[in-house]
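Read through the structure below, which is laid out as structure tokens, and then see the notes.
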Amino acid sequence: MEVRVQNLRKEFDRFPALHDISLDIRSGELIALLGPSGSGKTTLLRLIAGLESPTEGLIYFGDEDASKKTVQQRNIGFVFQHYALFRYMTVLDNIAFGLKVRDAARRPTKSEIRSRALELLDLVQLSGLEKRYPAQLSGGQRQRVALARALAVEPNVLLLDEPFGALDAQVRKDLRKWLREIHDRTGHTTVFVTHDQDEAMELADRVVVMSQGAIEQVGTPDQVYDNPNSPFVFGFVGQSNCLDVRVAGGELWFEDRPLGLKADNERDGSAQLYFRPHDIELRDGCGGCIAGLLVSSRRVAGTRHIEVNIGKDHPSIELELPPEQADSLDRNRIAFRPKRWKLFRNA
Ligand SMILES: Nc1ncnc2c1ncn2[C@@H]1O[C@H](COP(=O)(O)OP(=O)(O)OP(=O)(O)O)[C@@H](O)[C@H]1O
């Protein structure tokens, strides 16, 4: 189901947790709400669910105004980071719970409930564990059961709040892939909260980047990574370097040197140059480059990350290079120039 959020504002005791949020979530879409702690992700999720009511604004489910509807009326499926399963119920009973407690008119028969729960258990790849109790499962298995339980009621919208947040890195990675597969099979409109950019980029159809109670950018993972629309998004989604530069005569200058980078349509004045650690080219001589000393070097998977000191008045720069290229550098003089970059003007 399509969900539309219109001009939402939420205050807690006059503290504005969300300012004027508008967002259209398409039917069947998997959307990630991504942002640092306190940016308002969970508050937005709880407003969509009906667990909080907005101070101002509307929420539509399809064409219906759902703003005044209860959680039950909205028919939401939830998975939280620490959403404890019912400890004294078996896995199968946990999954069946939402169907069992339906009012008599909408409740399927006992055998229909059982077969639906078994189907879901199979979907989340836990067949055979139906008689276990939550304490007899791993953390990852518990979250799979929680997802099966949320799906049992055929929710209009599935809301996931850091569902893998408490799990270790490898399990998280596996579950991410698995969740994407389940989503592709079941097609529920899904909103997923995370502060982990890798998780958002890998899983979501679109990413909503939030900061301080507002939406900074909405786009596909490629759009927000390749074309961030603010310094915040550039810095939050992926690694970045930032350098104070000057625009003069359609060119970029760093201190007293031109960088050999054109800024044709920019007015003269100061600006911030953002670029990714791997989007650079090494230079031999320094006609148009940034130069500095190698401070440290560390291996990260297939690349080497090197830190370059470019002068005491500037933050150090991080570059990402193939190990063989990094190892052949003269540590006393690393010269480079961004290949892809973006300029943000100082106000
Ligand atoms: N019930 C509440 N009462 C008062 N303030 C609240 C309440 N819930 C949230 N806030 C405040 O609203 C802001 C947004 O909180 P929210 O939990 O939505 O952020 P978040 O992005 O989900 O953060 P995290 O990643 O840490 O969970 C925070 O400043 C928080 O302190």
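The values are calculated or read from the model by the stated rules, or taken from the named source; none is laboratory data. Not measured: the values here are computed from a predicted model. All Cβ positions, glycine included, derive from the backbone under ideal geometry; neighbour counts span all protein chains shown.
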Qualifying strands (runs of 3 or more DSSP E) (wholly inside the range 240-335; at least 3 residues being within 28 Å of ASN229 (Cα to Cα) and free of Cβ contacts under 8 Å to residues at least 40 places away in the same chain): 251-254, 257-262, 303-309
Residue that is farthest from the ligand (Cβ to nearest atom) [pool: residues in the range 1-37 that are over 24 Å from ASN75 (Cβ atoms) and in contact (Cβ under 8 Å) with a residue 60 or more places away in the chain]: ASP20
Can we say SER127 is over 29 Å from VAL3 (Cα atoms), out of contact with any His (no Cβ under 6 Å at 6 or more places or on another chain) and part of a helix (DSSP H, G or I)? no
Looking across the range 202-222 at residues that are free of Cβ contacts under 8 Å to residues at least 40 places away in the same chain and under 12 Å from the mean Cα position of the chain (by Cα), the single one that is farthest from the ligand (Cβ to nearest atom) is THR220
Among the residues of the range 47-76, write down those that are within 11 Å of ARG9 (Cα to Cα) and free of Cβ contacts under 8 Å to residues at least 40 places away in the same chain. SER53
In the range 164-195, what count of residues is obtained for those that are within 16 Å of the ligand (Cβ to nearest atom), closer than 24 Å to ASP222 by Cβ, out of contact with any Lys or Arg (no Cβ under 7 Å at 6 or more places or on another chain) and in contact (Cβ under 8 Å) with a residue 60 or more places away in the chain? 4
Of those in the range 31-61 that are more than 22 Å from ASP196 (Cβ to Cβ) and β-branched (Val, Ile, Thr), the residue farthest from the chain's Cα centre (by Cα) is THR55
Of the conditions (1) modelled with pLDDT of 90 or more; (2) touching a Ser or Thr at 6+ places or on another chain (Cβ under 9 Å), ASN94 satisfies every one except a single condition; which number is it? (2)
